Amino acid sequence: MKIKKVLIANRGEIAIRILRSCREMGLQTVCVHSTADEHSLHVKLADESVCIGPAKSSLSYLNIPAILSAAEITGADAIHPGFGFLSENKEFAQLCEKWKIAFIGPNIDCIEKMGDKILSKEIAERAGLPILKPIKVNEISDNEIKKQVKEMGFPVLIKASAGGGGRGMKKIEKESELLVNIQRLKAEAKAGFGDDTLFIEKYITNPRHVEVQILADKHGNVVHLGERDCTVQRRFQKVVEESPCPVLTEEKRVQICESAVKLAEFVGYDSVGTVEYLYDQDEQKFYFMEMNTRIQVEHPVTEQRTGVDLIAQQILSAQGDALTFKQEEIEFHGHSIECRINAENPFTGAPSPGEILHYHRPAGFGVRVDDFIYSGYKVPPFYDSMIAKIIVSGKDRLTCLNRMIRALEETVIEGIQTNKDLHLKILRDESFRGNNYSTNFLADKMQ
């Protein structure tokens, strides 16, 4: 089936990113929006737009009947879910299939298996990938939990099996914090994800967060497009991403990328996806963490290094086209760094919605900006605070670091607070520039 019209079931910069690839492929676009996003740029740029509900996400961007109805009345034959919202919702994918609408993502079996963080670890272990053995909280008593955690040793990390995007996670330093946080996270996971399943794993004290971009079709072909380093995080939310990972040896790079392809082949993956790992810098070992069955926020750094349009590849895979290139034909060039620009207090992370009085985006050689804001735009308080992504490319990491500083200094966003100054502080920090840091970097140095 050749896709002709794509409904974009998302908002913000990813909606515009998808829209642009669709336009270049000659596809018609439909953008849905809440009442709060009536004046958003993706609504203005789309061929058609449909209001699907009020500001609250549960009544709009998570409103499956409204989204499917929008697809039906506009004649859209495919839906791209972007990231977040319904992008990894197996029920939504099943209903798209039932309504004979192409879901631009992997098959339902992969969404179900790899979306469950406990099951995905078991699958990864069967595929031969190294894992950190989880303690399955919901299946044992409180006393058994305490016993197994004591044997594992503090610190540990509690995770929601259905969680994502840094939500549903808590580092635990001592036994007195354990059970009370389990109960709190269960309630949060039930409310946020509809599933209170938790697990506990050993907390690596000096880790890097490394992920591998994979691409697969419905004909059994799988390739990787290199790895990204997403180590700089705040409360498990990524802040700065880059490719390649600057601390991996070539041997480790080959191993981690090949293991991601191995897992994708093992589960019959057939779209764009990301396999995430914790890399223990002290032991120089990597461990499978999870797989994201969707496009990632940080996908542009991979695109900049490879020249591959990942959104276009998602669409081609969804309509059944075979990959047109092999692993050995993918070329990697230089280095790329991405900074997420959020409408927030730069050092506390508190949201800062409101009207943008003036916006000037950076430009120049090696600079890309993915955004959806403009002068006069009012940032709503109802959604994720990310308003733009600045991506730079260059021959090496030092070139990119200096180029990003220049790009950030050129960026002007007046009327609201942003985390621009936080990024500048990170990029000028000696530990960051010298690759001497871990996922604890922001907590240790930037507060």
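Only the coordinates and a few stated rules stand behind these numbers; no lab work does. Quick caveat: nothing in here was measured; it's all calculated off a predicted structure. Because the Cβ atoms are built from the backbone with ideal geometry, glycine has one as well, and the counts that use them run over all protein chains shown.
Side notes on the structure shown:
- Calculated mean residue ellipticity at 222 nm for the chain: -10000 deg cm²/dmol, from DSSP H runs with n ≥ 4 weighted as -39500 (n - 2.57), summed, divided by the residue count and rounded to 500.
- Computing FRET efficiency as 1/(1 + (r/R0)^6) for Glu38 and Ala350, where r is the C-beta to C-beta distance and R0 is 30 Å, gives about 0.70.
- Residue-wise HN-Hα coupling along segment 95-109, computed from phi with Karplus coefficients 6.51, -1.76, 1.60 (Hz; x: Gly, Pro): 5, 4, 4, 5, 7, 6, 10, 5, 8, 7, x, x, 5, 4, 4
- Spin-label model distance (nm) - Trp99 vs Val412, 7 Å beyond Cα toward Cβ: 4.4 nm
- Rg ratio (alpha-carbon, reference 2.2 N^0.38 Å) - the chain: 0.94
- Global geometry of segment 332-447, whether rounded, prolate or oblate, following the gyration tensor of its Cα atoms and the 1.5 cut on a/c: oblate
- Close Lys-Lys pairs in segment 81-133, where close means Cα under 18 Å and separation is 8 or more or interchain: 8
- For the pair Asp396 and Asn440, label points projected 7 Å from Cα toward Cβ lie 3.0 nm apart.
- Interchain or long-range residues, amide H under 5 Å from Ser271's placed H: Ala216
- Cross-link pairs beyond the 25 Å C-alpha cut-off, checked among Lys56/Lys378; Lys171/Lys445; Lys2/Lys238; Lys136/Lys190; Lys252/Lys420: Lys2/Lys238; Lys252/Lys420
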